[in-house]
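Contents: one structure, followed by commentary.
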Amino acid sequence: MEDSSPPLIRSAALAALLAALLALPLLGVRLVDSANGLSLSGRPELVAWAAGGVFCGRLIIDLFRRWIRDFSIRLPVPPPPPEWTRFGVGWALALFALVLPFLPFADRNLVDKATMVLIYIMLGWGLNIVVGLAGLLDLGFVAFYAVGAYSYALLSMTFGLSFWVCLPLAGLFAAAFGLALGFPVLRLRGDYLAIVTLGFGEIIRIVLQNWQDLTGGPIGISGIERPSLFGLSFKAVPPEGQTGFAEFFGLNYSADHRVIFLYFLILALALATNLFTLRIRRLPVGRAWEALREDEIACRSLGINPTTIKLSAFALGAMFAGFAGSFFATRQGFISPESFTFIESAMILAIVVLGGMGSQIGIVLAALLLVGLPEWFRDLQMYRMLAFGAAMVLIMLWKPSGLLSSRSPTIRLGGRA
Amino acid sequence: MLRVEGLHSGYGRIEALHGIDIDVREGEIVTLVGANGAGKTTLLMTICGNPRASAGRVILAGEDITALPTHQIARRGLAHSPEGRRIFPRMSVLENLRMGASIVDDRHFKDDLDRVLELFPRLGERLEQRGGTLSGGEQQMLAIGRALMSRPRLLLLDEPSLGLAPLVVRQIFDIISTINREQGVTVLLVEQNAFHALSLAHRAHVMVTGRIALSGSGAELLNNPEIRAHYLDGGAGGAEDPNL
């Protein structure tokens, strides 16, 4: 392509003009409380700043785009990596996750952060079933996370059940809510589905907030029971009749034990989610999810019942969110509706989309970026979220279809791979 | 095999079919020709239960299937290769074919696959390729192959020649006749490409604005002067193949 700098400047100027027009009413005028009532005063410098900022931003984006284009022209597109590297990367990441808490630089804080990232990875993998595989855009996924968390908290507080009994129950409850959402939205797709699921997520949150008798309302539930390892407690003073973890293994008591235990717990849960998804993709129901995402009419004419396929996607995705939710409750020891706002749904969806819609490893990378970045940016203080947003925009400019968007087929000839 | 009696159907309040009667006998190729908007596609779709018939009946092998949901109809040995091919673009050719066999016992998969690949050797060379990257003709082959994977007794084909080069069109029609002759699959074919479709058909119907205007054997219709004027010699809705 020949160099065309005038259009570059022109598009930036056009954007700046638009910004100035928008900024004029929004930033340009101000109500001033003066002696003789309210009066209007102008703030032209702010409008100029906005227009200038947009001009530079647009220019930078265009240059960045051009740079990427030139860059990709200079470098021939690498051939798709062979299958073993895909597996290799997965195994290497899993192995690294396994030894992470024992590495010399891993302090309590890092393991805690890693636990947080793993929760989002698990949620991303759960939502990936619904959005990435079945193609059902769900903006209210956090509802199932909330159902899981409250199920565990309430079951444990009311009936004194242990974490290990509550975990499957919380998954079941969440799956039931998945079905409850699934039924009314069977006929909807795309934008329409997104709006209904968004509403569903808000309904759940508002119910939690207002059903004071059951959920404690905005105050939430605190003092939630921590999990034990086969009856070994992680408390400094184990309850009557129980042995402490440290005591059993002849270690000195340390609060780190529980942090590390929680880390391994969520790692196991997340890996189970991953294995489940990898496996089910190769089964008829998993393949049907993907086919349904591609073309529902064709699916029907091949004898596939879209109702059961969609409901199974909703229910299974919700179930994993339920597991993650009960883990969240047991880790925090305290939950309130504030933890389950729309922004969480948006975050999980962003992880799935940024990861490349359907790619398991892509979700890991995206979760590391989206949950990890705000932590690294802590030094930026009030500009933290700005940097976070900018990073997201840059990723989407750089890789519009997500970090890892290639898809490996679920069957090959000669052995069902 | 398939009998359609007094079928009325449409979209919302607009009726597209005003009482259609046709029947397709075992082992036949029956063709429906007609101009754009005559209701050919709607007829196939209504036979498959989407949209639902507002009046009339569809009977498949003695069973009334008018009120059955689409996927149940497909499970009764009726395969529909819909208009516009509708393959799964991001799934591989093999996965597309596997989806076609969703309602068939896994044990038959290998044999059925061999049978389809014998008909369409081109697909065999591209099994790992994504469906969306195939050429138009190959996509059409995949759509037909996918429909065959469900071991149908009756195959509904909606405009298999749509948007294809003349040479490829001939290939596709040859294969349709092979499927019918050698595998004993009954075919109901909807086409705009009247010349090919009529020379292939045992019997044919001409549809005009939601009604059957004319019926007869394929050869009869091919020699009918009115048909020639309207559908073959470049009249309204004329033949797409300029070599005819």
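The values are calculated or read from the model by the stated rules, or taken from the named source; none is laboratory data. Keep in mind it's a predicted model, so treat the numbers as computed, not measured. Cβ: placed from backbone, ideal geometry, glycine included. Neighbour counts: every protein chain shown. Heads up: the accessible areas ignore ligands, DNA and RNA and are worked out on the full protein's heavy atoms, side chains in. Shrake-Rupley method; radii C 1.70, N 1.55, O 1.52, S 1.80 Å.
In this structure B:Asp64 has an accessible area near 70 Å², from a 1.4 Å probe over the protein heavy atoms. By the scheme Lys and Arg +1, Asp and Glu -1, what is the net charge of all other residues having a beta-carbon under 10 Å from that of A:Arg281? Computed value for this residue: +3.
Within chain A, which is the longest segment that contains none of the chymotrypsin sites (Phe, Trp or Tyr not before Pro) sitting in a DSSP loop with at most 16 other Cβ atoms within 10 Å? Value returned for the longest uninterrupted segment is A:254-417. The modelled label-to-label distance for the pair A:Phe342/B:Asp23, using points 7 Å beyond Cα in the direction of Cβ, is 6.0 nm. For the pair A and B, the buried accessible area comes to roughly 2500 Å² in total, with a 1.4 Å probe and the value rounded to the nearest 100. Contact residues in the stretch A:277-325 (at least 50 Å² less accessible area with all protein chains than alone, 1.4 Å probe): A:Arg287, A:Glu294, A:Asp295, A:Ile297, A:Arg300, A:Ser301, A:Leu302, A:Gly303.
Measuring max minus min along each principal axis, the C-alpha atoms of the stretch A:216-257 give extents of 43, 22, 16 Å (largest first). Taking amide H atoms as placed 1.01 Å from N in the peptide plane, the amide H of B:Ala55 lies under 5 Å from those of B:His8, each 5 or more residues away in sequence or on another chain. At R0 = 25 Å, how high is the FRET efficiency between B:Glu182 and B:Arg76 if r is their beta carbon distance? Nearest 0.05 is fine. For R0 = 25 Å, the calculated efficiency reads 0.65. On the principal axes of its alpha carbon atoms, chain A extends 76, 75, 51 Å, with the longest extent given first. Close amide H pairs (under 5 Å, H built 1.01 Å from N) link A:Leu403 with A:Gly355, A:Gly356, residues at least 5 positions away or on another chain. Of all the options A:Leu229, A:Leu302, A:Leu24, the one that moves most in a Gaussian network model of chain A with Cα springs shorter than 10 angstrom is A:Leu24. Take the Cα of B:Thr209, step 7 Å toward its Cβ, do the same at A:Leu22, and the gap between the two points is 5.2 nm.
Between A:Ile363, A:Ile61, A:Ile343, the GNM of chain A built on Cα springs shorter than 10 angstrom shows A:Ile61 fluctuating the most. Label sites at B:Ala219 and A:Arg282, each approximated as a point 7 angstrom past Cα along Cα to Cβ, lie 5.5 nm apart. Over all projection directions, the Cα-based convex hull of the stretch B:3-134 averages an area of 9.6 nm².
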